[in-house]
Amino acid sequence: MSGEPFDDPIAELHAFLLDARPAARDSLPSVREPGATGPGPDVERLRSAYLDLLKLSLCDLTGTTTVSVGAIRNSGTLASRTLRDDDRKLRAIGLDWPLQGLTMTGLHRLADLQACVEQIVRDGVEGDLIEAGAWRGGSSILMRATLDSLGERGREVWVADSFQGFAADDAVGDVDLGPNDFLAIPLEEVRANFARFGLDSGVRFVPGFFKDTLPSLSDGRWALVRMDGDTYHATMTTLESLYPGLAPGGHLIIDDYLLIDDCKRAVDDFRERHGITEPLEEIDWSAARWRRGDDRRIEPPPRSAEPGTPRAPVERDSARQEVPTVRELQLEREVAELRKRVGAGRARWRPRLFSR
């Protein structure tokens, strides 16, 4: 991959992530330059062109460059760098965090999500659509746009998220997710993202941590459930609360099934417990899904009569921290080094000045 000077810690992070994810690395050679279908005179061609352009916009891939954010290893510090040329493939496969984009999903997973929505409409699968774990709302925006482009105004899209990042005790493996402010997107910002695309009608927001909100949706009827909860407990809560209401022919999509061991373990435990045998299909190097084949009753866990203690959020700075560029961090380091040298010089010369 091309890039900036190799003391760029985000370039090193991307190289590390690719080495740790062989399936993602192997998919890069087949990724073409991101582009949209051109419009044509017929309605279907116009619909396809609109959705292709929307997917590019959601991934922030409409320009010649885009900006990636990463956590510098062993420091907890975030930094950003520009992706251009072949480096933009990292965004296309959904490997990096976008600074301005509205989804981390990547183009392939978005295209598969669009196809799933189109299939449930074509097959007449009953129910609404829900995403549990939405970040800036990009995948849900695509679901609403796909429904609207097909004239499906009667279905609603539900968007469930804490809208305040992860709880203080959330972790994936050894990674502590709670303090990460970059993942904490307020509800008002996500609402504004829908409105900016003219897609704020037919959307319901479910704010709060999953254990406090999703059990109340266990009597819903769903044609598509998209899950992106990362942790074991968030994934299990989503499955227990929403899968019983998934209609036959409906899609269950797990964004991190092939990536995060805790997520995979929760899904495998749930499928084994309930004797679910529908085949899991890989979407890409990270995500998988299956399509429910029967309407066999699966009882959700009983709701507690006494509400538990809500999970405590991490305290956030109301003025969300800006993500510095790699170059800004390099300059800060250079300035700090210069100040250190100046201070040492002053200390060395001061005794001579006062000894005269």
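The values are calculated or read from the model by the stated rules, or taken from the named source; none is laboratory data. Fair warning: this is a prediction, and the values are worked out from it, not measured in the lab. When we count neighbours, we look across all protein chains shown, and the Cβ atoms used for this are built from the backbone with ideal geometry, even at glycine.
Output the number of residues of segment 261-279 satisfying the condition of being farther than 24 Å from residue 143 by Cα and among the hydrophobic types (A, V, I, L, M, F, W, C).
Residues meeting the conditions: 3.
Could you say which residue among 144, 91 is in contact with a Cys (Cβ under 8 Å, 6 or more places away or on another chain) and either over 27 Å from residue 247 (Cα atoms) or part of a helix (DSSP H, G or I) (or both)?
91
Can you name the condition, by its number, that residue 175 falls short on among (1) crowded, with 19+ Cβ neighbours inside 10 Å; (2) at pLDDT below 95?
(1)
Assess whether residue 134 counts as being outside any loop (DSSP other than H, G, I, E, B) and of a type in the set (A, V, I, L, M).
no
Of the residues 76, 70, 124, only one is modelled with pLDDT under 95, out of contact with any Cys (no Cβ under 8 Å at 6 or more places or on another chain) and in a loop (DSSP other than H, G, I, E, B); which? First the steps, then the outcome.
Working: 70 fails: in a loop (DSSP other than H, G, I, E, B); 124 fails: modelled with pLDDT under 95.
Matching residue, one of 76, 70, 124: 76.
If you go through segment 63-72 one residue at a time, do you hit one that is in contact with a helix residue (DSSP H, G or I) (Cβ under 7 Å, 6 or more places away or on another chain) and either in the same structural domain as residue 161 (by TED's automatic domain parsing) or of a type in the set (S, T, N, Q) (or both)? First the steps, then the outcome.
Kept after step one, since they are in contact with a helix residue (DSSP H, G or I) (Cβ under 7 Å, 6 or more places away or on another chain), are these residues of segment 63-72: 66, 68-70, 72.
After this cut, where a residue has to be either in the same structural domain as residue 161 (by TED's automatic domain parsing) or of a type in the set (S, T, N, Q) (or both) as well, the list is 66, 68.
Looking through segment 63-72, at least one residue is in contact with a helix residue (DSSP H, G or I) (Cβ under 7 Å, 6 or more places away or on another chain) and either in the same structural domain as residue 161 (by TED's automatic domain parsing) or of a type in the set (S, T, N, Q) (or both).
Considering only segment 68-112, state which residues are touching a strand residue (DSSP E or B) at 6+ places or on another chain (Cβ under 7 Å), touching a residue at least 60 places away in the same chain (Cβ under 8 Å) and among the hydrophobic types (A, V, I, L, M, F, W, C).
69, 71, 72, 78, 79, 90, 97, 99
Yes/no per residue for (1) within 19 Å of residue 250 (Cβ to Cβ); (2) touching a residue at least 40 places away in the same chain (Cβ under 8 Å); (3) surrounded by fewer than 16 Cβ atoms within 10 Å (Cβ to Cβ):
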position	(1), (2), (3)
186	no, no, yes
189	no, yes, yes
193	no, yes, no
206	yes, yes, no
211	no, yes, no
219	yes, no, yes
223	yes, yes, no
228	yes, yes, no
234	no, yes, no
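Can we say residue 154 is under 30 Å from residue 208 (Cα atoms), surrounded by fewer than 19 Cβ atoms within 10 Å (Cβ to Cβ) and without any contact (Cβ under 8 Å) to a residue 24 or more places away in the chain? Don't jump to the end; show me each part of the working.
Details: under 30 Å from residue 208 (Cα atoms): yes; surrounded by fewer than 19 Cβ atoms within 10 Å (Cβ to Cβ): yes; without any contact (Cβ under 8 Å) to a residue 24 or more places away in the chain: yes.
When the stated conditions are applied, residue 154 passes them.
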